[in-house]
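Below is one structure, written out as structure tokens; comments come after it.
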Amino acid sequence: MKIALFGGSFDPVHNEHVRYVQAAKAALGLDRVLIIPSHIAPHKAFGAVASGEDRLAMCNLAFRNFPYAEVSDYELRAAGTSYSYLTCRHFRQLFPNDELYFLVGADMLEDFFTWKNPEDILSNATLVACGREGERPAEFRGKFFARFGKDFISVPFAGEAAASHKLRVDLAFRKPTPDLDRAVRRYIEENRLYEHPAIAPALALEKPQRREHSYRVALMAVARARSVGVAEGRALIASALHDCAKYVPLSSPLLEDFTPPENVPPPVMHQFTGAYLARHSFGIGDEEVLDAIRYHTSGRAGMTALGKLVFLADMLEAGRSFDGVDRLRALFREDLDRCFYEALKEQVEYLHETGKPVYPLTEEAYEYEKAHQKG
């Protein structure tokens, strides 16, 4: 019997996960595919957003129409960090005489070299890399064989791109989710997964175009968050609320007890009123999140990674267009600190060249980052 193991956080499980399994079954003639939600994924330092119980239930819904697919709670029951070599070892012991395959996305193949005990995985299962057109892993074959002395199987895949982190943002912003099975979406809504009570009322204060901007900022910040050591939930809420006071005048009853700082230019004031509303109207008590909102326009000296993330995502989100934006976006994906410095440098130098005043917090942020640049 041919059995494939397909693990992941499935947070949430989406249609591309299902299409991956269908493509692998067709290509390999699989008899069974075991879908295995992880307890804690080693490469996701902040863990899953939904509980293991909820992710297990969503997987059962997503694969309910595929009799060859079986959802396993092995890694959830095992608890601790979900290492693939332990999972492969476990199922090899269960199925000693069967052909065992370990299914991964082609985009994970390069990272496979850094996994814990990859040789152990390959001693118990054949690695299968499933990828879309343009993600063919042939370039890794030489490197792979040189390291492990064996090959992997490549399965072409023609599905659409989908990412669980984008779906989590879509769900938080109550966007359509065509990449989710309807039963899975219904389960998410009924159990109020991936939502935050502050987001909807905060977005209600914004105009439609500004809400779309906030959504794009959240997409960009969340996509980068984990790689720079920022909890996804913090990146999401700070991004979603960063412009919540954009259209709230100082005369509003919502700001009745707010004391504005002195000498703040009108385009900058909303960062301070936004932090006030986030705390007093929307119940945000996380000081780092509040600071990310409070300085997202001006920046400040000594900003945290979260603050830099929101500042830059606000400046560079997909709707922005200005000279040098593509260069900064590329830098954003590579080096957050360097990107923050370069963004401040361009901003400050432009204002100096045009004779326009530079807000003191921005000048201080630039000088601070300049002094702390490496190399």
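The values are calculated or read from the model by the stated rules, or taken from the named source; none is laboratory data. Keep in mind that what you see is a predicted model, and the values were worked out from it rather than measured. Heads up, the Cβs are rebuilt from the backbone with ideal geometry, glycines too, and the neighbour counts pull from every protein chain shown.
Please indicate, with yes or no, whether at least one residue in the stretch 77-85 is closer than 23 Å to E189 by Cα and in a loop (DSSP other than H, G, I, E, B). No, that holds for no residue. Specify the residue that is surrounded by the most Cβ atoms within 10 Å (Cβ to Cβ); the eligible residues are those in the stretch 251-263 that are touching a Phe, Trp or Tyr at 6+ places or on another chain (Cβ under 7 Å) and assigned to a loop (DSSP other than H, G, I, E, B). This residue is F258.
Quick grid of which residues meet (1) surrounded by 19 or more Cβ atoms within 10 Å (Cβ to Cβ); (2) aromatic (F, W, Y); (3) not in a helix (DSSP H, G or I):
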site: V169; (1), (2), (3): yes, no, no
site: D179; (1), (2), (3): yes, no, yes
site: E195; (1), (2), (3): no, no, yes
site: Q209; (1), (2), (3): no, no, no
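Under 6 Å between Cβ atoms, at least 6 apart or on separate chains: pull out the pairs that start in the stretch 176-202 with a residue that is modelled with pLDDT of 95 or more and end on any residue that is of a type in the set (S, T, N, Q). Hits for this filter: R185/T177. Candidates in the stretch 62-76 are the residues that are hydrophobic (A, V, I, L, M, F, W, C) and not in a helix (DSSP H, G or I); of these, the one that is surrounded by the fewest Cβ atoms within 10 Å (Cβ to Cβ) is F66.
Scanning the stretch 335-375 for residues that are among the polar types (S, T, N, Q) and more than 16 Å from H296 (Cβ to Cβ) gives T354, Q373.
Sub-9 Å Cβ pairs linking a first residue in the stretch 351-365 that is over 15 Å from P267 (Cβ atoms) to a second residue that is of a type in the set (D, E), at least 6 apart or interchain, number zero. The residue list F311, F272 contains one member that is assigned to a helix (DSSP H, G or I), under 18 Å from E232 (Cα atoms), in the same structural domain as R224 (by TED's automatic domain parsing) and of a type in the set (A, V, I, L, M, F, W, C), which is F311. As a summary of the residue check, P156 satisfies the conditions (1) touching a strand residue (DSSP E or B) at 6+ places or on another chain (Cβ under 8 Å); (2) under 23 Å from L306 (Cα atoms) except for the one numbered (2). Scanning the stretch 18-48 for residues that are over 16 Å from S164 (Cα atoms), outside any strand (DSSP E or B) and at pLDDT 90 or above gives V21, Q22, A23, A24, K25, A26, A27, L28, G29, L30, D31. So, F332, is that one buried (at least 20 other Cβ atoms within 10 Å of the Cβ) and closer than 20 Å to V264 by Cβ or not? Here the answer is no, as F332 does not meet what is asked.
Of all residues in the stretch 81-99, none satisfies being under 28 Å from L167 (Cα atoms), in contact with a helix residue (DSSP H, G or I) (Cβ under 8 Å, 6 or more places away or on another chain), of a type in the set (A, V, I, L, M, F, W, C) and touching a residue at least 40 places away in the same chain (Cβ under 8 Å). Scanning the stretch 257-285 for residues that are of a type in the set (F, W, Y) and within 16 Å of T297 (Cα to Cα) gives F272, Y276. Tell me yes or no: at least one residue of the stretch 234-248 is over 14 Å from the mean Cα position of the chain (by Cα), closer than 21 Å to T362 by Cβ and of a type in the set (S, T, N, Q). No - not one qualifying residue is present in the stretch 234-248.
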